[in-house]
Amino acid sequence: MTIRYLPATGYVSMPWKNGTGSTDEICLLPPDASRDAFELRVSRAIIATSGLFSAFPGVERTITVIEGEGLALEFDDHDVDLTTGQPHRFDSGLTPVGVPKGGTVRVVNVMAARDAWHLAPAEILTAGTLVQPEPHGLTIVFALRGASELSDSQATVTLGQEDCALLDAPARFVPENGSALLVVPLRRASGA
């Protein structure tokens, strides 16, 4: 695979699991996975009003606001205030109340089943670098803004804004004017 390109034009819109909003499905693995049984799920969603997140027990989630003023996550015992472009990882079995700040926000979610993957800390890249997944690992890259090139030994892929790609081998990130990538590394869980 090395670079698996997932253009935004191919995302599939569907209702949220709890029925209170809609999401764009970017990637669901393995191929026979469902929203209730998956190893990896990448999605993009609009949060227009305050409401409970859907519960995904046994799953870790990294959420990143990609448009809007920010999002408050109100958990039972603490709150987290997210600004645009700030990734946050949490247990997706929890159901925080999401409160958009200053109007509608859009987010991208990377969700990984704990028995298959461990989510490493996400980062935002704005300068050219080598994106290097761990051995037998996988890295999700999402174009936050602008266009970016990803190149490996076989091909070069241009990611337009909000396009996504999966990497299982090193690829060089070459930013264009003002572009930025969200990078979410995953490593295989032991025994997976």
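The values are calculated or read from the model by the stated rules, or taken from the named source; none is laboratory data. Note that this is a predicted model, so its numbers are computed, not measured. Don't worry about glycine lacking a Cβ; one is built from the backbone with ideal geometry, like all the others, and counts go over all protein chains shown. In case anyone asks, the SASA skips ligands and DNA or RNA and just uses the protein heavy atoms, side chains included. Shrake-Rupley method; radii C 1.70, N 1.55, O 1.52, S 1.80 Å.
Computed values, structure above
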| quantity | calculated |
| --- | --- |
| Residues of region 68-86 that turn out to be under 17 Å from the mean Cα position of the chain (by Cα), assigned to a loop (DSSP other than H, G, I, E, B) and either under 16 Å from Leu52 (Cβ atoms) or in contact (Cβ under 8 Å) with a residue 40 or more places away in the chain (or both), as a count | 1 |
| Number of the condition not met by Glu162 [criteria: (1) touching a residue at least 40 places away in the same chain (Cβ under 8 Å); (2) not in a loop (DSSP other than H, G, I, E, B)] | (2) |
| Criterion: touching a residue at least 12 places away in the same chain (Cβ under 8 Å), in a strand (DSSP E or B) and over 18 Å from Gln161 (Cα atoms) - qualifying residue of Arg44, Arg89 | Arg89 |
| Number of the exception - Leu28 against (1) open to solvent by 40 Å² or more (accessible area, probe 1.4 Å); (2) hydrophobic (A, V, I, L, M, F, W, C); (3) under 24 Å from Lys101 (Cβ atoms) | (3) |
| Filter result (among the hydroxyl-bearing types (Ser, Thr, Tyr) and either under 16 Å from the mean Cα position of the chain (by Cα) or more than 22 Å from Ser151 (Cβ to Cβ) (or both)) within region 1-44 | Tyr5, Tyr11, Ser13, Thr20, Ser22, Thr23, Ser34, Ser43 |
| Looking only at region 82-111, and only at residues there that are of a type in the set (A, V, I, L, M), touching a Phe, Trp or Tyr at 6+ places or on another chain (Cβ under 9 Å) and within 24 Å of Glu39 (Cα to Cα), the one that is most open to solvent (accessible area, probe 1.4 Å) | Leu94 |
| Region 47-74: number of residues that are over 18 Å from Glu162 (Cβ atoms), of a type in the set (Val, Ile, Thr) and open to solvent by less than 30 Å² (accessible area, probe 1.4 Å) | 1 |
| Residue satisfying condition, being over 19 Å from Gly85 (Cα atoms) and of a type outside the set (Gly, Ala, Ser), within set Thr129, Thr139, Thr158 | Thr158 |
| Which listed residue, of Ala143, Ala192, is of a type in the set (Gly, Ala, Ser), at pLDDT 95 or above and closer than 21 Å to Arg41 by Cα | Ala143 |
| Hits in region 22-68 (condition: of a type in the set (Lys, Arg) and within 14 Å of Ala113 (Cα to Cα)) | Arg35, Arg41, Arg61 |
